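Undergrad: Quick one: the structure is below, and I'll ask about it shortly.
The values are calculated or read from the model by the stated rules, or taken from the named source; none is laboratory data. Worth saying up front: this structure is predicted, and the values here are computed from it rather than measured. Please note: Cβ atoms are built from the backbone with ideal geometry, for glycine as well, and neighbour counts cover all protein chains shown. Surface areas here come from the heavy atoms of the whole protein model, side chains and all, with no ligands, DNA or RNA. Shrake-Rupley method; radii C 1.70, N 1.55, O 1.52, S 1.80 Å.
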Amino acid sequence: MGTWLGIAFTICFLTGLWSHLQQTTPGWLTLPVDPAWLYRVTQGVHVIAGTAAVPLLLVKLWSVYPRLFLRPPRGTGALALHALERLSILALVAAAIFQLASGLTNIVQWYPWAFSFRATHYAVAWIAIGALLLHLAVKWPAIRAAYAREGGTTVPLGSSESAEDARTRRSVLVAAGVAAGLAVVLTAGQTVPWLRRVSVLAVRSGDGPQGLPVNRTAAQAGVARPTGWQLEVVHGDTRRTFTLDDLTALPQTTRVLPIACVEGWSRSAEWTGVPVRTLLAMVGAPASSEVHVSSLQTRRAFGTSDLPPAFAADPRTLLALRLNGEELDLDHGWPCRLIAPNRPGVRQTKWVTRLEVRT
Ligand SMILES: Nc1nc2c(c(=O)[nH]1)N[C@H]1C(S)=C(S)[C@@H](COP(=O)(O)O)O[C@H]1N2
Ligand SMILES: [Mo]
């Protein structure tokens, strides 16, 4: 159980770190534009590993809780080691429970707490991984002995484990494995297309308008269907405005790109619109420009985003006007929304009003 949990938490930590860097990109990091599906896969794996870890953690806690009531050892050295071990376990268990619980509430978009999910989930991830490493270090002799003794799942004759204990232990392991597998199969369809129909517990596998789920509706974002909408493209002193008819009259590009929400669902769709680089050229800006994107949104976060130069220059990065062959639904960002390869959903800004070249 410990090995499985260790693997699940390591996967969650690494993919979570990646997601954090994708959302708050430090100056020294240049994110790759390719492969277009990379973020979709890393974030899908993050949520799948976290979901599998829930039953594993429950079984692990159930299997070790009697040890809480063991008598502490005698002797200062042994007692100090024991106290250290217990402290690391307290930090590990608390952090692990917090990460899985907050991750689950995030997937179902339920935020009952006032703290920022992202900042807290990220900070506690370091506590969890640190406590895990400390736990491994403290327990290393026991872990090594266990692996050496078992060399597989069978316990050699003459060990202290009775045949019945071994059977029970094996059934618990199998049950935990089955529970983890079920948890994954019942939810992973929100990101794995061929599991869509079996994942009856997936929160966001249901279709939204135009075959794509909606993460935040226009009403939730405080956006009403605009009249007299215009797009503004700004580069230094050069400023051009485009009506929807102007944009529609420009050469259109069609691309298949995924929306990959940090909340664990993802879905591929066919987008049609004007490449951002075309609009940049029309205000005399180089294709490789950093672009600040703003929207009509008046309420809550995610109303703006920044497009790094390599993304702005990529011909697949569109100001999309159409989705799966139809004019964008208001909830998908009508009149136009940003769509770029390998980018978290939160940065695929809807209801765009303005592109400003950062100089
Ligand atoms: N202006 C604005 N754009 C936004 C959001 C938002 O809240 N406001 N949500 C983002 C998030 S979190 C996701 S996952 C995608 C989802 O796009 P969809 O609702 O069209 O599927 O839109 C992104 N664009
Ligand atoms: Mo999202």
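Undergrad: Out of (1) touching a Lys or Arg at 6+ places or on another chain (Cβ under 8 Å); (2) away from ligand 1 (no atom under 12 Å from the Cβ); (3) over 30 Å from GLY189 (Cβ atoms), the odd one out for GLY222 is which?
TA: Only one criterion in (1) touching a Lys or Arg at 6+ places or on another chain (Cβ under 8 Å); (2) away from ligand 1 (no atom under 12 Å from the Cβ); (3) over 30 Å from GLY189 (Cβ atoms) is unmet by GLY222, namely (2).
Undergrad: Quick one: which residue in ALA320, ALA281, ALA313 is touching a Cys at 6+ places or on another chain (Cβ under 9 Å) and either away from ligand 2 (no atom under 16 Å from the Cβ) or within 26 Å of THR359 (Cβ to Cβ) (or both)?
TA: Sole residue among the options that is touching a Cys at 6+ places or on another chain (Cβ under 9 Å) and either away from ligand 2 (no atom under 16 Å from the Cβ) or within 26 Å of THR359 (Cβ to Cβ) (or both): ALA320.
Undergrad: Among the residues of the range 329-345, is there at least one that is polar (S, T, N, Q), over 24 Å from ARG225 (Cα atoms) and at pLDDT 95 or above?
TA: yes
Undergrad: Could you count how many residues in the range 249-298 are in a strand (DSSP E or B) and open to solvent by 40 Å² or more (accessible area, probe 1.4 Å)?
TA: Looking only at that region, the number is 6.
Undergrad: Next question. Which residue is nearest to ligand 1 (Cβ to nearest atom), if the candidates are limited to the range 193-207 and must be in contact (Cβ under 8 Å) with a residue 60 or more places away in the chain and in contact with a helix residue (DSSP H, G or I) (Cβ under 7 Å, 6 or more places away or on another chain)?
TA: Among residues in the range 193-207 that are in contact (Cβ under 8 Å) with a residue 60 or more places away in the chain and in contact with a helix residue (DSSP H, G or I) (Cβ under 7 Å, 6 or more places away or on another chain), the one nearest to ligand 1 (Cβ to nearest atom) is ARG204.
Undergrad: Does THR168 satisfy being more than 34 Å from the chain's Cα centre (by Cα), among the hydroxyl-bearing types (Ser, Thr, Tyr) and at pLDDT 85 or above?
TA: Judged against the criteria, THR168 is a match.
Undergrad: Still on this structure, please answer the following. Whether any residue in the range 309-324 is assigned to a loop (DSSP other than H, G, I, E, B), open to solvent by 10 Å² or more (accessible area, probe 1.4 Å) and at positive phi is what I want to check.
TA: Yes, there is a match, as at least one residue in the range 309-324 is assigned to a loop (DSSP other than H, G, I, E, B), open to solvent by 10 Å² or more (accessible area, probe 1.4 Å) and at positive phi.
Undergrad: State yes or no: is ARG322 in contact with a helix residue (DSSP H, G or I) (Cβ under 7 Å, 6 or more places away or on another chain), among the charged types (D, E, K, R) and within 15 Å of ligand 1 (Cβ to nearest atom)?
TA: Answer is no for this residue.
Undergrad: Pairs under 9 Å by beta carbon, first residue assigned to a loop (DSSP other than H, G, I, E, B) in the range 236-248, partner open to solvent by less than 50 Å² (accessible area, probe 1.4 Å), six or more apart or different chains?
TA: These pairs meet every condition: GLY236/VAL283; GLY236/ALA285; GLY236/VAL357; THR243/TRP229; THR243/LEU231.
Undergrad: Which numbered condition trips up ALA131, out of (1) open to solvent by less than 20 Å² (accessible area, probe 1.4 Å); (2) over 14 Å from PHE13 (Cα atoms)?
TA: Single failed check for ALA131: (2).
Undergrad: May I pose another question? Is it the case that some residue within the range 218-225 is in a strand (DSSP E or B) and open to solvent by less than 50 Å² (accessible area, probe 1.4 Å)?
TA: No - not one qualifying residue is present in the range 218-225.
Undergrad: Return the total of residues in the range 228-263 being over 35 Å from the mean Cα position of the chain (by Cα) and within 16 Å of ligand 2 (Cβ to nearest atom).
TA: 0
Undergrad: I need the full set of residues from the range 53-83 which are out of contact with any His (no Cβ under 8 Å at 6 or more places or on another chain) and over 28 Å from ALA176 (Cβ atoms), in order please.
TA: Listed by number, the residues that qualify are ARG71, ARG74, GLY75, THR76, GLY77, ALA78, LEU79, ALA80, LEU81, ALA83.
Let's see how each residue does on (1) assigned to a helix (DSSP H, G or I); (2) more than 28 Å from VAL192 (Cβ to Cβ); (3) within 13 Å of the chain's Cα centre (by Cα); (4) touching a residue at least 24 places away in the same chain (Cβ under 8 Å):
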{"residue": "VAL41", "(1), (2), (3), (4)": "yes, no, yes, no"}
{"residue": "VAL45", "(1), (2), (3), (4)": "yes, no, yes, yes"}
{"residue": "ALA49", "(1), (2), (3), (4)": "yes, no, yes, yes"}
{"residue": "ARG71", "(1), (2), (3), (4)": "no, yes, no, no"}
{"residue": "ARG74", "(1), (2), (3), (4)": "no, yes, no, no"}
{"residue": "LEU81", "(1), (2), (3), (4)": "yes, yes, no, yes"}
{"residue": "ALA96", "(1), (2), (3), (4)": "yes, no, no, yes"}
{"residue": "ASN106", "(1), (2), (3), (4)": "yes, no, yes, yes"}
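Undergrad: Moving to a separate point now. Do we have GLN210 as outside any loop (DSSP other than H, G, I, E, B), in contact (Cβ under 8 Å) with a residue 12 or more places away in the chain and open to solvent by 50 Å² or more (accessible area, probe 1.4 Å) here?
TA: no
Undergrad: Taking the range 147-164 only, how many residues are at pLDDT 85 or above and open to solvent by less than 40 Å² (accessible area, probe 1.4 Å)?
TA: So the answer is 0.
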